1. Under the rule of at least 5 residues apart or a separate chain, name every residue whose amide H is placed under 5 Å from the amide H of LEU148.
2. Using the heavy atoms of the protein chains alone and a 1.4 angstrom probe, what is the accessible area of segment 11-52 per residue in square angstrom?
3. Rounded to the nearest 10 Å², what accessible area does ARG83 have for a 1.4 Å probe in the complete protein model?
4. Can you tell me the order of 60-68, 38-46, 165-173 when each peptide is scored by its average per-residue count of other Cβ atoms within 10 angstrom, highest first?
5. To the nearest 10 square angstrom, what accessible area does VAL80 show with a 1.4 Å probe?
6. How much length is gained if the chain between HIS121 and LYS4 is pulled fully straight, taking 0.36 nm per residue apart and subtracting their Cα-Cα distance, in nm to one decimal?
7. Given the whole protein assembly as supplied and a 1.4 Å probe, what does the accessible area of ILE21 come to in Å², nearest 10?
8. Could you tell me whether segment 17-61 comes out rounded, prolate or oblate from its Cα gyration tensor? Rule is a ≥ b ≥ c as square roots of the eigenvalues, rounded for a/c under 1.5, then prolate if a/b exceeds b/c, otherwise oblate.
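The values are calculated or read from the model by the stated rules, or taken from the named source; none is laboratory data. If you're wondering where the values come from, they're calculated on a predicted model, not measured in any experiment. Cβ coordinates were reconstructed from backbone atoms using ideal geometry, including for glycine residues, and neighbour counts include every protein chain displayed. All accessible areas refer to the heavy atoms of the entire protein, side chains included, with ligands and DNA or RNA removed. Shrake-Rupley method; radii C 1.70, N 1.55, O 1.52, S 1.80 Å.
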Amino acid sequence: MHSKPTDNEVILGILNNSSTILNYLYKEYYPMALKLVLNNNGSEEEAKDIYQESIIILHNKIKNGDFELSSKLKTFIYSVCRRLWLKKLSQKGRYTEDINEYGDHIPVEQDLEQQEERDKHFNMMHDALENLGEPCKTILEDFYIKNLSMQEICEKFGYTNADNAKTQKYKCLQRLKKIFFNQK
């Protein structure tokens, strides 16, 4: 399959039990489900379960003939994953709001757009960090991602004291901001 199949071709593929289409669904939409679950107190294992369940729901709806695509397939799959995950969180006691109430407040399309916007910014930040160079890249990663203290960074990079390391981190942050905002 060279070009992306349309939503209708995917539905037809599911009706015909096409393994190519099922593989496409996993490659194309699983990362979105994974991100949804990981960003909301879940694990990769739970994301796989949620995604599998959403594909089964999609499959059964199509096979039963009561599936009507009123949005993009991606949006449908995302909303099913989201509902399943919110339900699972509430069962675990990690989610307190009424799920139905929550679903009414944020249309799935809006939620998906916000997620895609965050992804875009995250990728831009990643690129900016890659272009930052050393030692800035490592200093910022050590501080913000690995949660090292300024004292640990000071020792790692051989600064005379933690204040010098802090000054360097500040300068690195300023450079990162400059690179990030020049990309936009």
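1. PHE143
2. I get 55 Å² per residue for segment 11-52.
3. Surface accessible to solvent at ARG83 totals approximately 140 Å².
4. Values: 60-68: 11.7, 38-46: 13.4, 165-173: 16.3.
Highest mean packing first, the order is 165-173, 38-46, 60-68.
5. 20 Å²
6. Values: separation 117, 0.36 × 117 = 42.12 nm, distance 2.50 nm.
Taking 0.36 nm per residue and subtracting the Cα distance, the gain is 39.6 nm.
7. 10 Å²
8. On the way: a/c = 2.87, a/b = 1.81, b/c = 1.58.
Verdict is prolate for segment 17-61.
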